[in-house]
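Working notes for the structure below.
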Amino acid sequence: MVGAGSIALLQTLLQSVGDPGSEVVYAWRSFELYPILADLAGMRSVRVPLVEGAHDLPAMADRITDATRLVLICNPNNPTGTVAAREELRKFLARTPPTCLVALDEAYYEYAREPTASSGLELGEAHPNLVVLRTFSKAYGLAGLRVGYLVGDPRVVEQLRKACLVYAVSGVAQQAAVAALGLEDQLLHRVDVTVTERRRVRDALVAHGWDVPVSHANFLWLRLGDASAEFGRWCTGKGIAVRTFPGEGVRVSIGRAEDNDAFLAASAEWCRREQRVALINSAKKVGPYEWLAQPDQTGRED
Ligand SMILES: *Cc1c(COP(=O)(O)O)cnc(C)c1O
């Protein structure tokens with residue numbers, strides 16, 4: 001099923017299954033639109049905390065009740081970039097009653113490089129209650145044209161089609177999406193460049209003592225806790241746009257090499273000025289961070 005972006009398909013999905021009093025389970029923090037779409041569909045949100053930035057699928061399975069109509073799994077997760085392993089997903093699906101739909105939101109699928117990561121498409125045959133959402137907005141760079149798609153059991157899709165807005169995807173958007181599929185090699189080469197930069201930037205941050213989960217999307221998640229807002233303002237002041245989630249963390253998108261270098265320079269300067277190392281580390285192991293806490297080894301001038 002094709003829709004005006006995968007968000008439109010998600011909305012159709014939630015509105016289709018959401019009766020008053022019904023529940024939707026999703027991890028938190030995850031995609032910021034899930035709670036809004038759940039509210040609009042009149043569903044109760046059941047949020048299951050991430051563990052180390054990743055989905056806690058056993059805990060999510062525990063939260064499924066007779067009232068649960070849908071589980072949303074953002075894989076890779078926005079904004080933390082983590083992926084759920086194939087085996088974990090299989091176990092989760094085995095515990096999900098067939099009357100509860102599971103939607104795997106794979107908006108960042110093309111950026112995942114983890115061999116144990118799974119596409120929901122492989123699991124759909126065995127689980128007719130599973131639907132997979134993909135989009136042309138991220139790796140294909142067509143966000144402004146609004147095209148996404150949902151893959152699922154024909155019986156599920158038939159019901160969803162009754163509830164979606166017809167003619168939502170313009171002719172131009174359809175042509176662009178088809179053309180993009182024809183140019184996949186070129187377009188996905190850009191994804192490889194992003195993946196290489198993602199590794200480089202994360203390695204640099206980790207070497208400087210930052211706590212950054214391995215990401216499988218086109219962004220990195222900096223777990224800054226209470227320092228998030230301040231760091232977000234610091235980046236803005238340096239002309240770098242990041243996404244701040246106050247009290248939790250900051251998501252930084254991977255850009256061109258020179259943009260990433262500007263971000264690395266800004267974050268290194270922030271660390272030096274603020275002597276934030278202790279904060280970055282607060283909840284975490286010390287390990288390679290120790291040297292940062294010793295000013296004479298960091299090249300600090302002030
Ligand atoms: C960007 C994004 C989408 C969808 O975007 P569309 O442009 O509507 O296709 C869906 N889920 C997540 C997690 C996203 O980050």
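Readers should treat all values here as calculations from the given coordinates under stated rules, not as data from a laboratory. This is a predicted model, so every value here is computed, not measured. We place every Cβ from the backbone using ideal geometry, glycine too, and count neighbours over all the protein chains shown.
Residue exposure proxy: 138, 238, ordered by other Cβ atoms within 10 angstrom of their Cβ from fewest to most, comes out as 238, 138. Put a dot 7 Å past the Cα of residue 2, heading toward its Cβ, do the same for residue 265, and the two dots end up 4.4 nm apart. Taking each residue as 0.36 nm, the span from residue 257 to residue 143 lengthens on full extension beyond its C-alpha to C-alpha distance by 38.8 nm.
With a cut-off of 20 Å on the backbone N, the residues of segment 158-176 near the modelled label site 7 Å out from residue 121 along Cα-Cβ are 158, 174-176. So how far, in whole Å, is the C-alpha centre of segment 65-117 from the one of segment 195-258? So the two Cα centres are separated by 24 Å. With both labels modelled 7 Å from their Cα along Cα-to-Cβ, the residue 229 to residue 67 distance reads 3.2 nm. Scanning the chain for GluC sites (Glu not before Pro) lying in DSSP loops with no more than 15 further Cβ atoms inside 10 Å, the longest uninterrupted stretch between such sites is 126-300. Note on the chain: antiparallel DSSP beta bridges, both residues inside, total approximately 45 percent of the bridges counted.
Once the chain from residue 174 to residue 45 is taken as fully extended at 0.36 nm per residue, the excess over their C-alpha distance is 43.1 nm.
When a footprinting reagent is the concern and you count Cβ atoms within 10 Å, what order do 153, 226 take, fewest first? Don't skip to the end; give the middle numbers.
Numbers: 153 16, 226 11.
The order, fewest Cβ neighbours first, is 226, 153.
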